[in-house]
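The next block holds one structure in the form of C-alpha cells; read it before the comments.
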Amino acid sequence: MRISVFGCGYLGAVHAACMASLGHDVVGVDVIEDHVALLGRGQAPFFEPGLPEMLQEALATGRLEFTTDASRAAGCDVHFVCVGTPQKRGENAADLTYVRTALTTLLPMLRAGDVVVGKSTVPVGTGEDLRERIVEVQPDAELIWNPEFLREGFAVQDTLHPDRFVYGVSDTGAGRRAAGVLDEVYAAALADGTPKIECDLATAQLVKVAANSFLATKISFINAMAELCEATGADVTMLADAIGHDARIGRTFLNAGVGFGGGCLPKDIRAFMARAGELGVDQALSFLREVDSINMRRRVRMVDLAREVCGGSIVGRRVAVLGAAFKPDSDDIRDPPALSVAAQMQLQGAHVTVTDPQALDNARKKWPELAYETEVLAAVAEAEAVLLLTEWPEYVALDPTVVKQAVAVPRIIDGRNCLDPRAWRAAGWTYRALGRP
Ligand code: UGA
C-alpha cells in the first residue's frame, strides 16, 4: 500500500521504517529539516536499537523516503498521524497544535477512499473533532483511531509484533471499509495472530491513556510501598517478588526506585486528569494526582538520601551519577529522574558528575551546569558518593572492587534496586537504596 507518515519522531520514524520493511511504499513527512536529512541517510536522530539497520535496509529498496515536502503525501491511500502531543507550558493539558497542523496540511490532499489513521496520544474527543473536519472536506475519506503502545528501546519489535491492535472506528459503512484497509496494512502481524480490538473512537483514544495511567499507577504503588518499607525496615524488592507471584498482580512494572520519567507516562497522566476535569469527572482520576506526587517524592527522597550518606550535607561534596536517560537503551532526557536528581544536588551545593552511555550530548545541552564524563571510572573519580539512577546493563555489571579504587569514599546509592547489596557490601561499600534496609 502507499502510506504517508506525518511526524517522524520516535513513533513516526519507527513506524515509517517498519511499514516499509513490510513491503509498503512509505513517505515520512516532518518539519525538522535536520531530522529528515539524517533519516534519509539511514541514521536515526535518536538512539533506538535496531532502527538504523532497518532504515538502511528499507531505504535501499527505494520503498522509503523522508521529506519536509508534505505534498509528497498526495496519492497515498493511508495517512498515519504520528506527531507529538507535548504537555502545554504551564498547564497539565496536552498541546494539540501539531496534530491540528498535520491535519490541516493533509486535508486538501485527501481523495475518496483515503484513510487517515490517528496514532498520536490525544485527549479523548480529539478523534471525533478530526473526523468531522475530514468528512466535511472529503465525505468519502475516513478516520480510524489506532493508538500505539511501543516502548522506547523496543520500538522496532513493538511496532512489528505488538501485543494487540486497537481500531477506533465509526459505526458506518465507511468505518468498516477503512478497518479493512488497515487490516491490509497490518496483514503480516494479523496473520501471526496478533489480537485486534475493534471499538468506537472514544474507547480507542481512552485505551491508550488508560494503559499508561495503569502502568504509572503500578510504579507509584510499589514506590509507595517503598516508603512504608523505609519506615519499617522492610525490603521492597522482596515484597515486589512476593506479591508479583500472584498472577493477578504480576511482577512487571513493580520495580521500585527513583520513579518514572520520559516523554509519555508523566505528561499522559496529567493530560488525562486535565481532560477528565473538562468532562466534569475529575474525581474519577484524582488518584492520578497522588500517583504523580508519589513519583516526584522519590526524586526528593533520593537527594535526601545522598545528603544522609554524606553525613548530613552535600555542600562541596563530589557526587557521581550513573545514568542520565529516563531509562536504559534510550538517549531520551525528557523528564528524566536521574538528571533532575543530579541538577537538584548541584543546586544544593554538590559537585556533580554525570555519565551515561548514550544521553550525554542531549544532557549537556539541557543541563550545561553539570559536569559530564563518558567513562564510568572517570565519572566516579574521587567521588564521596555514587548514585546509580538509570539501570544500564553496564552499570548493573560493574565490579565493586574495581570502582572502589577510583572513589574517595565507597558509598553507593542504588536508585533502581538493581545491584546486589551483598556483593557491594562485601567489597567494602556502604550500600543504600530506596525501600531497602
Ligand atoms: C511507555 C509505555 O510503557 C508504552 O507502552 C507506551 O507506548 C509509551 O509509554 C508511549 O506512550 O509512547 P516508555 O515511555 O518508552 O513507554 O517507557 P517505559 O518502559 O514505560 O518506562 C517509563 C518509566 O518508568 C521509566 O523512567 C522507567 O525507568 C520507569 N519504570 C518502569 C520504573 O520506575 N519501574 C518499573 O517497574 C518500570
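Of all the accessible heavy-atom surface of the range 386-437, with the other protein chains kept in place and a 1.4 Å probe, what percent is carbon and sulfur? Mind dumping the intermediate values first?
Values: 1120 of 2130 Å².
Carbon and sulfur together cover 53 percent of it.
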Problem - Percent accessible area from carbon and sulfur atoms, the range 297-382, protein chains only, probe 1.4 Å - result: 50 percent
Practice task
Starting from the coordinates of the alpha-carbon atoms of the range 341-395, obtain the Kirkwood hydrodynamic radius over all distinct pairs and give the value in Å to one decimal.
Solution key: 11.7 Å
Exercise for the section: Run down the lysines and flag those whose C-alpha is under 29 Å from the C-alpha of residue 218, throwing out any fewer than 8 positions away in its chain. Expected result: 88, 119, 196, 208, 267, 327
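Going highest first, how would you order 237-244, 381-388 by mean Cβ packing within 10 Å? It would help to have the intermediate numbers written out before the result.
Values: 237-244: 16.1, 381-388: 22.8.
Ranked by mean Cβ neighbours within 10 Å, highest first: 381-388, 237-244.
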Problem - Between the range 414-436 and the range 218-261, the Cα center-to-center distance that results, in Å - result: 17 Å
Problem - Span-rule helices in the chain, defined as complete DSSP H runs reaching 30 Å or more along the axis (Cα) with Kyte mean at least -0.5 - result: 201-232, 286-309
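By how many nm would the segment from residue 297 to residue 248 grow when fully extended, if each residue of separation counts as 0.36 nm and the alpha-carbon distance is taken off? Write out the running numbers ahead of the final one.
Numbers: separation 49, 0.36 × 49 = 17.64 nm, distance 2.75 nm.
Extra length from residue 297 to residue 248 when fully extended: 14.9 nm.
Classify the range 188-300: rounded, prolate or oblate, from the alpha-carbon gyration tensor (a ≥ b ≥ c, eigenvalue square roots; a/c under 1.5 rounded; otherwise prolate if a/b is larger than b/c)? Walk me through the numbers on the way to the answer.
Numbers: a/c = 2.45, a/b = 1.33, b/c = 1.85.
Judged from the Cα gyration tensor, the range 188-300 comes out oblate (a/c at least 1.5, b/c at or above a/b).
Just check the range 295-428 against the gyration tensor rule for me: Cα atoms, a ≥ b ≥ c as the square roots of the eigenvalues, rounded for a/c under 1.5, and otherwise prolate or oblate depending on whether a/b exceeds b/c.
Values: a/c = 1.39, a/b = 1.16, b/c = 1.20.
Cα axes put the range 295-428 in the rounded bin.
Sorted by packing (mean other beta-carbon atoms within 10 Å per residue), highest first, where do 304-314, 206-216 land? Write down the numbers at each step before the final one.
Working: 304-314: 16.9, 206-216: 19.4.
Sorting 304-314, 206-216 by mean packing, highest first, produces 206-216, 304-314.
With the convex hull built on the Cα atoms of the range 240-351, state its orientation-averaged projected area in nm². Walk me through the intermediate numbers first.
Values: hull surface 37.4 nm².
That works out to 9.3 nm².
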Practice task
With no solvent and one equal point scatterer per Cα, compute the Debye intensity ratio I(q)/I(0) for the chain at 0.06, 0.07, 0.11 Å⁻¹ and report its log10, rounded to two decimals.
Solution key: -0.28, -0.39, -0.89
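With the Cα gyration tensor of the range 2-199 in hand, give its eigenvalues times 5 under a square root as the equivalent ellipsoid semi-axes, listed largest first in whole angstrom.
On the way: eigenvalues 110, 77, 61 Å².
Taking √(5λ) for each eigenvalue gives 23, 20, 17 Å, largest first.
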Completion exercise
HN-Hα couplings for the range 145-157 via Karplus (6.51, -1.76, 1.60; θ = phi - 60°), in whole Hz with x for Gly/Pro, come out as 9, 9, x, 10, 10, 5, 9, 4, x, 10, 4, 5, 4
Exercise for the section: Would you mind putting 265-275, 122-132 in packing order, based on average other-beta-carbon counts within 10 Å, highest first? Expected result: 265-275, 122-132
Practice task
Apply the Karplus parameterisation 6.51 cos²θ - 1.76 cosθ + 1.60, with θ equal to phi minus 60°, to every residue of the range 365-376 and state each ³J(HN,Hα) to the nearest whole Hz, in sequence, with x for glycine and proline.
Solution key: 5, 8, 10, x, 6, 8, 8, 10, 9, 6, 8, 4
Practice task
Could you work out the per residue convex hull volume over the alpha carbons of the range 93-242, in cubic angstrom?
Solution key: 146 Å³
Practice task
Return the carbon/sulfur percentage of the accessible area of the range 7-141, one whole number, probe 1.4 Å, all protein chains in place.
Solution key: 49 percent
Practice task
Determine the per residue accessible area of the range 69-206 with all protein chains present and a 1.4 angstrom probe, expressed in square angstrom.
Solution key: 42 Å²
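The values are calculated or read from the model by the stated rules, or taken from the named source; none is laboratory data. Predicted model, so just to flag it, every value in this text is computed and none were measured. Neighbour counts run over all protein chains shown; Cβ positions are idealised from the backbone, glycine included. SASA here: full protein model, heavy atoms, side chains in, ligands and nucleic acids out. Shrake-Rupley method; radii C 1.70, N 1.55, O 1.52, S 1.80 Å.
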